[in-house]
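Peer 1: Before I ask anything, let me first share the structure, which is written out below as structure tokens.
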Amino acid sequence: MFLQGMVRQVMVIGVPLFLMLTGYLNAGKKISRAYYRGLIRVLSAYLVYSLLTIVFREILLHDHRSPWQWVHAILSFDAIPYAWYIEMWIGLFLLTPFLGVLYNGLTTKREKQVLILTLVLLSLMASFCNRYGLKVWPAFWEKIYPLAYFFLGAYIREYRPRIATRTTCAVVLAFAMLNPIAALILAPNRPMIQPFGATETPLTFIVVALCFLSMYERDTKSLRVKHLLARVSVLSLDMYLVSYMFDALFYPWFMERFFVNQRGFGIWWLVMVPLILLCSFALSAVINPLLPTGKPKQRIAS
């Protein structure tokens, strides 16, 4: 469990990385029809995969609901249990051009650093401090933590900072061990606790920044690897949305047949994760070309 706890602690940086990449890639976006057509691609993907997931839940999970209940599930982003990200993304997408104006309107590096620090204090620090029934930090703005990661991405894009890989590895390893060590000391023989938090904390913010800085300027000469990474990038949202179905299929199946204790079952993680990844990739690759892109059709001259 100690090793599994370390792995989990590192894996929680996934969503923050997505948020930071949004700022890194999109802080310069302008208000235009072409930009807003991007909504069509994501919302149509959410609708199609929601309908597919509803069929899956009805037939294989025996989660029977009325048509109106399923419509409500789609509108409340509950048809796919992982679709909270889409609900968050809609607001971030609509705000992005204005967030870019805010960021680019600041004239000095120091002002941009203060902006990021302010958001960390208002959101991530609040989430970190106000737990276990305690409230010792102003918490009204804690849900704006995506903006801290967005502006971090924009800052890295502009100033291109660097950090040594060895430093990153040391910090990430120490970060990964914090919660498992604390759990051993504070709550032995109990479900693992997280006194140092998970996604929405300043510690995660630092690790996300370090991990990205150690990777973002790396390159590979292999055209096959580049093609694979580009393909996964295009399908990443689709893979995320369909992965719920494969999680719901494979984890119970493996648990029923192979779970004896947590130590032994941890080995099967090395089987399940690649299997779910490959299945999600394959299904997404089939459905993705059928979705509307939001791009205007090219007119053919007569």
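Peer 1: Of all the accessible heavy-atom surface of the chain, with the other protein chains kept in place and a 1.4 Å probe, what percent is carbon and sulfur? Display every interim value, and only then the final one.
Peer 2: Details: 12620 of 18340 Å².
Accessible surface attributable to carbon and sulfur in the chain totals 69 percent.
Peer 1: Now for a different question. Please give the net charge around L290, taking every other residue with its beta carbon less than 13 angstrom from that of L290, where Lys and Arg add +1 and Asp and Glu add -1. Intermediate values should be presented prior to the final figure.
Peer 2: Values: positive: R41; negative: D238.
Local charge sum for L290: 0.
Peer 1: Per residue, how much accessible area does region 85-158 show when a 1.4 Å probe rolls over the protein heavy atoms, in square angstrom? It would help to have the intermediate numbers written out before the result.
Peer 2: Numbers: 3940 Å² over 74 residues.
Solvent-accessible surface per residue comes out at 53 Å².
Peer 1: Continuing with this model, one more query. I'd like to check one number: the per residue accessible area of region 1-54, probe 1.4 Å, reported in Å² as a whole number.
Peer 2: Averaged over the residues of region 1-54, the accessible area is 51 Å².
Peer 1: How big is the dipole moment of region 199-270 about its Cα centre under a simple scheme where the beta carbon of each Lys and Arg is +1, that of each Asp and Glu is -1, and everything else is neutral? Debye, nearest 20, please. Write out the running numbers ahead of the final one.
Peer 2: On the way: 7 positive and 6 negative charges, 78 e Å.
Dipole magnitude for region 199-270 comes out near 380 debye.
Peer 1: In a GNM of the chain with a 10 Å cut-off on Cα contacts, which of P252, P67, P97 has the highest mean-square fluctuation?
Peer 2: The residue with the greatest mean-square fluctuation here is P67.
Peer 1: Now, a different point. Using DSSP H assignments, which helices in the chain have an axial alpha-carbon span of 24 Å or above and a mean Kyte-Doolittle hydropathy of -1.0 or higher? Spell out each step's value before the answer.
Peer 2: Working: long enough: 38-59 (32 Å, 1.45); 84-105 (31 Å, 1.13); 165-186 (32 Å, 1.69); 223-258 (41 Å, 0.67); 262-287 (37 Å, 1.73).
Membrane-span-like by this rule: 38-59, 84-105, 165-186, 223-258, 262-287.
Peer 1: What is the spin-label model distance, in nm, from A182 to I144 if the labels are put 7 Å beyond Cα along the C-beta direction?
Peer 2: The modelled label-to-label distance comes out at 2.6 nm.
Peer 1: Using 0.36 nm per residue of separation minus the Cα-Cα distance, give me the extension gain between R37 and L278 in nm, one decimal. Each step should come with its number before you reach the end.
Peer 2: Values: separation 241, 0.36 × 241 = 86.76 nm, distance 2.97 nm.
That pair, R37 and L278, stretches by 83.8 nm at full extension.
Peer 1: Turning to a different aspect of this structure: Can you compute the helix-only [θ] at 222 nm over the chain? Use -39500 (n - 2.57) per DSSP H run of at least 4 residues, normalise by all residues, nearest 500 deg cm²/dmol.
Peer 2: Values: 13 runs with 209 residues, N = 302.
The helix-only estimate for the chain comes to -23000 deg cm²/dmol at 222 nm.
Peer 1: Another one. Per residue, how much accessible area does region 162-273 have with a 1.4 Å probe, in Å²? Don't jump to the answer; show the numbers that get you there.
Peer 2: Numbers: 7050 Å² over 112 residues.
Accessible surface, normalised per residue, equals 63 Å².
Peer 1: May I pose another question? Given a 10 angstrom Cα cut-off, can you work out which residue in L92, L75, L178 is the most mobile in a GNM of the chain?
Peer 2: L75
Peer 1: Between V55 and V7, what's the calculated FRET efficiency when r is the beta-carbon distance and R0 is 35 Å? Round to 0.05. The partial results should precede the final answer.
Peer 2: On the way: r = 33 Å, r/R0 = 0.94.
Result of the calculation: an efficiency of 0.60.
Peer 1: Choose one answer from K143, K30, K135: the residue with the largest mean-square fluctuation in a GNM of the chain with alpha-carbon springs under 10 Å.
Peer 2: K135
Peer 1: Among (i) 21.3, 76; (ii) 17.8, 52; (iii) 19.6, 60, which one is Rg and Dmax of the Cα atoms in Å computed from these coordinates?
Peer 2: Entry (i).
The values are calculated or read from the model by the stated rules, or taken from the named source; none is laboratory data. Just so you know, these numbers come straight off a predicted model, no measurement behind them. Positions of Cβ are generated from backbone atoms using ideal geometry, with glycine treated the same way; all protein chains shown enter the neighbour counts. Areas reflect the complete protein model, heavy atoms only, side chains present, ligands, DNA and RNA absent. Shrake-Rupley method; radii C 1.70, N 1.55, O 1.52, S 1.80 Å.
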